[in-house]
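Coordinate-derived values only; no laboratory data. If you're wondering where the values come from, they're calculated on a predicted model, not measured in any experiment. Every residue, glycine as well, gets a Cβ built from its backbone with ideal geometry; the counts of neighbours run over all protein chains shown.
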Amino acid sequence: MDWINKDRQYIMDVYARLPLVVTRAKGYKVWDDKGKVYTDLFSGISVCNLGHCHPKVVKAVEAQIYRLFHISNLYYTLPQIEVAELLVKHSFADKVFFSNSGAEANEAAIKLARKWGNQFSPPKYKIITLEGSFHGRTMATITATGQQKVKSGFAPLLPGFIHVPFNNVKAIERAIDKETVAIMLEPIQGEGGIRIPSPRYLKKVRKICDENQILLIFDEIQTGMGRTGTLFAYEHEGVKPDILTLAKSLANGLPIGAMLAKEQIAMAFSVGSHASTFGGNPVSCAAAKAVLKILTGTELLEYTRQISAFFKEKLHQLKERYKIIKEVRICGLMIGIELDIKAQTIVEKCLQRGFLINAVQANVLRLLPPLIIEREAIEAFIEVLDKILREEQ
Ligand SMILES: *Cc1c(COP(=O)(O)O)cnc(C)c1O
């Protein structure tokens, strides 16, 4: 079957797909329609952080689908309550709103911030975001996103969003006025090219927020759920936000998003303020509960930090040998390798040799391996990347 041509015939052409038809996956292995096996160092954009078809998640989902698929948020459901309790217990937050995706979680965050800002006179509504950021593909979230390629052709966008340069505290101070309601940022930029701000940057932003009665919103859709070696990336510096968004790996592959907030902020929403038909779906929540139990109740995060150190050492050894590697950026298993050549060429060559990786921002290789990745798989990848870089230099 020529699946690729059939896809092109029937599906809207918005994705730059690689020539790989995936039929099955388990752990960090992926199989194509011809039976060839690949090592997955991308986890479907940091979604299957526990590895594909994790047995405990599969079991939780299986048990739930025989009980209840859906009933509507007009009633109470158990998995949703349990996931909210776990999220609150293991974070800064007091309250949770569930959505189905990252963009929707950010939409909810933007709406909550505006609703909260509406109590001031004049109302606060302006949201500051960073250049190079990514917050989603809905109208509000493309407006929030600090990348022109995401916005172009969709004007008019929403009023009230201001972009400032990445990692620049002064620029934030200059952008603030009495109508500023929030600063929204990713603790580490994912789509922007795995950009890690300087130490203390987040602390300084927190201080600015406190001094000006401004909310701090962390978009942890990519950095959250163990990706950086802690449950949430904000834990590294202990800088707590007022609102935090999650999605991607929250249910290890089933659609879900969440917006977490402190009680004082969450109070701005009342009955009717916001809603979602599927948000907090019982099956997705059953999976999310299993994910949270594993991340908070096992040694997996400790393992992630150890395997990260191993990966880091291997990548730095490679950098010593190749001038075309300009920089290696790594936090937990969120990895960017900046090259001075086009990254997509390397991605295609890795695919041919059985490794799934990704390119962001033209010249950055992005790796988001599942947290269960093993040394042997990393060593095999480094060997392949070594060969490819030798051909390219
Ligand atoms: C993926 C991502 C989003 C958007 O999530 P969707 O589920 O695709 O809507 C938003 N913010 C960040 C940081 C992301 O990585």
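Per-residue HN-Hα couplings for segment 156-163, Karplus 6.51 cos²θ - 1.76 cosθ + 1.60 at θ = phi - 60°, whole Hz, x for Gly and Pro?
Here the 3J(HN,Hα) series is x, 8, 6, x, x, 10, 10, 9 Hz.
Add -39500 (n - 2.57) for each DSSP H run of 4 or more in the chain, then divide by its residues: what number comes out at 222 nm, to the nearest 500 deg cm²/dmol?
-11500 deg cm²/dmol
Evaluate the charge dipole of the chain about its Cα centre and quote only its size in Debye, nearest 20, assuming +1 on the Cβ of each Lys and Arg and -1 on the Cβ of each Asp and Glu. Can you show the working numbers first?
Numbers: 51 positive and 41 negative charges, 38 e Å.
That gives the chain a dipole magnitude of about 180 debye.
Using a Gaussian network model of the chain with C-alpha springs under 10 Å, which one of ALA16, ALA25, ALA233 is most mobile by mean-square fluctuation?
In this elastic network of the chain, the residue with the biggest mean-square fluctuation among ALA16, ALA25, ALA233 is ALA16.
Please work out the C-alpha center-to-center distance from segment 25-55 to segment 59-112 and express it in whole Å.
For segment 25-55 versus segment 59-112, the Cα centre distance is 25 Å.
Using mean Cβ contacts within 10 Å as the protection proxy, how do 209-218, 61-70 order, highest first?
Taking the mean over residues of other Cβ atoms within 10 Å, the ranking is 209-218, 61-70.
If packing is taken as the average count of other Cβ atoms within 10 Å, what order do 240-253, 366-379, 75-88 fall into, highest mean first?
240-253, 366-379, 75-88
Using the Karplus curve 6.51 cos²θ - 1.76 cosθ + 1.60 with θ = phi - 60°, work out ³J(HN,Hα) for each residue of segment 286-302 in order, rounded to whole Hz, and write x for Gly and Pro.
Running phi through 6.51 cos²θ - 1.76 cosθ + 1.60 with θ = phi - 60° gives 4, 5, 4, 4, 4, 4, 5, 4, 5, 5, 9, x, 10, 8, 4, 5, 4 Hz.
Over the chain, what relative contact order in percent results from Cα pairs under 8 Å that are six or more residues apart?
Computed over the chain, the figure is 22 percent.
Under 5 Å between amide H atoms, partner at least 5 residues away or on a different chain: which partners does PHE42 have, H built in plane at 1.01 Å?
Correct list: LEU368.
Between segment 124-170 and segment 241-265, what is the separation of their alpha carbon centroids in Å?
Taking the Cα centre of each part, segment 124-170 and segment 241-265 sit 20 Å apart.
State the answer as a single residue: which of LEU74, GLY153, SER99 lies farthest towards the positive end of the charge dipole of segment 55-297, with beta carbon charges of +1 for Lys and Arg and -1 for Asp and Glu, about the Cα centre.
GLY153
Once each part is reduced to its C-alpha centroid, what is the distance from segment 282-332 to segment 173-239 in angstrom?
Rounded to whole Å, the Cα centres lie 20 Å apart.
Would you mind checking which residues have amide H under 5 Å from PHE355's amide H? H placed 1.01 Å from N; only 5 or more apart, or other chain.
THR39
Place a +1 charge on the Cβ of each Lys and Arg in segment 75-130 and a -1 charge on the Cβ of each Asp and Glu, then give the dipole magnitude about the Cα centre in debye, rounded to the nearest 20.
Roughly 380 debye for segment 75-130.
What order do you get for 45-54, 294-303 when each peptide is scored by the mean count of other beta carbon atoms within 10 Å, highest first?
45-54, 294-303
Would you pull out the residues with amide H under 5 Å of ALA258's amide H, same chain only if 5 or more places away, H placed 1.01 Å from N?
Those lying under 5 Å, H to H, from ALA258 are SER99, LEU246, ALA247.
Can you list the HN-Hα couplings for segment 150-155, worked out from phi with the Karplus curve (6.51, -1.76, 1.60; θ = phi - 60°), rounded to whole Hz and with x for Gly and Pro?
7, 8, 5, x, 10, 5
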